[in-house]
Each structure stands twice: as structure tokens, then as C-alpha cells.
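Here's the structure we're looking at; comments come further down.
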Amino acid sequence: MRIGELSRRTGASVRLLRYYEEKGLIGSTRSDSGQRHFAEDAVPRVEFVRRLLAAGATSRAIAEMMPCFDTPLEENFDSAMERLARERLRITSGIEDLLRARKALDALMDTAREHRARLPENRAG
């Protein structure tokens, strides 16, 4: 199938599919005229990639997990689970950083309100 059909069937934009291909997440063959052609198994592969991206995984992490999709063996599954656990830790750390940043912003806003309350009123002429 051509890239436009893969896009229609998966809901991923053509641009996004090109990005997936660039990152090695999906593969295609080329016609003599240079058009991309994807196998039928590209549809579930793109859906798998999109689910992992929606879960916050990076394209690099997804590439490391693709052997589990391609060859579902215990060893590949265990490796993918370890990678998912590392992604979860990375996301958790990011959440903690954001919570600290929000707390710091709240403190700055409280300080700004206190300073604002002490300003003399501006009176127009």
C-alpha cells in the first residue's frame, strides 16, 4: 500500500509516517519511481507505535521495544518490559519536576501579590 492509504487506515499523517520511517519504526520498499510501498503489517505496527507515543514513550525507546512486536519471544518481551519500566520512571521524574516548578511558581505568585498589596494606589489627577 502507498503512504496515503497507510495514513488513512491508521489516522497518522503522511508527515508522521515519514518520521516513523526515518526513525526506523516502520519500513517500506520503494518503487522504480521512488514511491514508498508498505506491507499490510505496517498497519498494526503504526498502531503499536502510536499507542506507545500516546503513553509518553520516546521514539528511541519505541525503537528499542520493536523486537517484542516483530518477534514476540519471552526474551524480547522481558526486554520491552524493562524499557517500559525505564520510560515510566522517566515520566514520573518529569511529573515530580513539574510539581516542584508549579510549587515554585505558586510561591512567586504569592510574593508578587504581597508586594502588589503594599503598593500605593495610583490616583489619576
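The values are calculated or read from the model by the stated rules, or taken from the named source; none is laboratory data. Since the structure is predicted, the reported quantities are computational estimates derived from the model, not experimental observations. With ideal geometry, Cβ positions are generated from the backbone for all residues, glycine too; neighbour counts draw on all protein chains shown.
Descriptive notes on the structure:
- On inspection, Asp32 passes the criterion of being outside any helix (DSSP H, G or I), of a type in the set (D, E, K, R) and out of contact with any Leu (no Cβ under 9 Å at 6 or more places or on another chain).
- Only residues that are in contact with a Ser or Thr (Cβ under 9 Å, 6 or more places away or on another chain) and either closer than 17 Å to Phe48 by Cα or assigned by TED's automatic domain parsing to the domain that holds Phe48 (or both) were counted in segment 68-118, giving 2.
- Test: residue in segment 3-10 that is assigned by TED's automatic domain parsing to the domain that holds Leu89, crowded, with 17+ Cβ neighbours inside 10 Å and under 30 Å from Ile95 (Cβ atoms): no
- Counted residues, segment 40-57 - those being surrounded by 15 or more Cβ atoms within 10 Å (Cβ to Cβ) and not charged (D, E, K, R): 8
- Ile91 falls short on exactly one of the conditions (1) in contact with a Gly (Cβ under 6 Å, 6 or more places away or on another chain); (2) farther than 30 Å from Leu17 by Cβ, and that condition is (2).
- Residue in segment 40-86 that is farthest from Gly24 (Cα to Cα), counting only those that are among the acidic types (Asp, Glu) and touching a residue at least 12 places away in the same chain (Cβ under 8 Å): Glu40
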